[in-house]
1. As an exercise, take the mean of 1/r over every pair of distinct alpha carbons in the chain, invert it, and state the Kirkwood radius in angstroms.
2. By counting other Cβ atoms within 10 Å of each Cβ, how are 98, 188 ranked from fewest to most?
3. Need one number: nm distance between label points at residue 194 and residue 171, each 7 Å from Cα along Cα→Cβ, rounded to one decimal.
4. Provide the percentage of antiparallel DSSP beta bridges, counting only those with both residues in the range 1-86; round to the nearest 5.
5. Given the Cα-Cα distance of residue 129 and residue 12 and 0.36 nm per residue of separation, how much length would full extension add, in nm?
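Nothing in this text is a laboratory measurement; each read-out follows from the coordinates by a stated rule. Values in this document were obtained by computation on a predicted structure and should not be read as measured data. Note: ideal-geometry Cβ built from the backbone for every residue, glycine included; neighbour counts use all protein chains shown.
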């Protein structure tokens, strides 16, 4: 990458813009109610209306995929995600998950309300574990990380930046997700991420943190 990733803090969730001189890749899109803020941030970054060719979703939850339909319709942006969550965004039906603690229960309540404003869409590209995407100076590798959802992925750049979606959050400290669909899958996924040899981790919720701090994360 020619530039540092742009962290776009939408209040409840982060999205990230990877930038090179000739290309942009957006990781996640925020919730539907975040559209005005997201569009403004992208325009100010010189990304829209014609330079954003690809969105890569870490998973299909409403707060990460909520603006995909708008980006497809208004700007013709291609949406890429793992096939494990494709049904979720095509139907708008949340997957059943086990909640952990107060935050988990709160997120289930919020999700039940916010998903009503979610506009369904069909992804343009279905990703697989180990797939490499190259776009005019940007190269990323897809790491399948089931656990939070069956289609969760992490995105690893060629310069060692790891974008983990909701597999790991950092609201107060790096930790696993408060909502889990598959506990065994999460445990395997976190082991894989710890072996990824990144140097910085960018969570969907909370602040980026050094890769060394990932070693303490368990379920």
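1. After inverting the pairwise mean of 1/r, the radius is 17.0 Å.
2. Sorted ascending by nearby Cβ count, the order is 98, 188.
3. Rounded to a tenth, the inter-label distance reads 2.3 nm.
4. Taking every DSSP beta bridge within the range 1-86, about 55 percent pair in antiparallel fashion.
5. Once the chain is fully extended between residue 129 and residue 12, it gains 39.3 nm.
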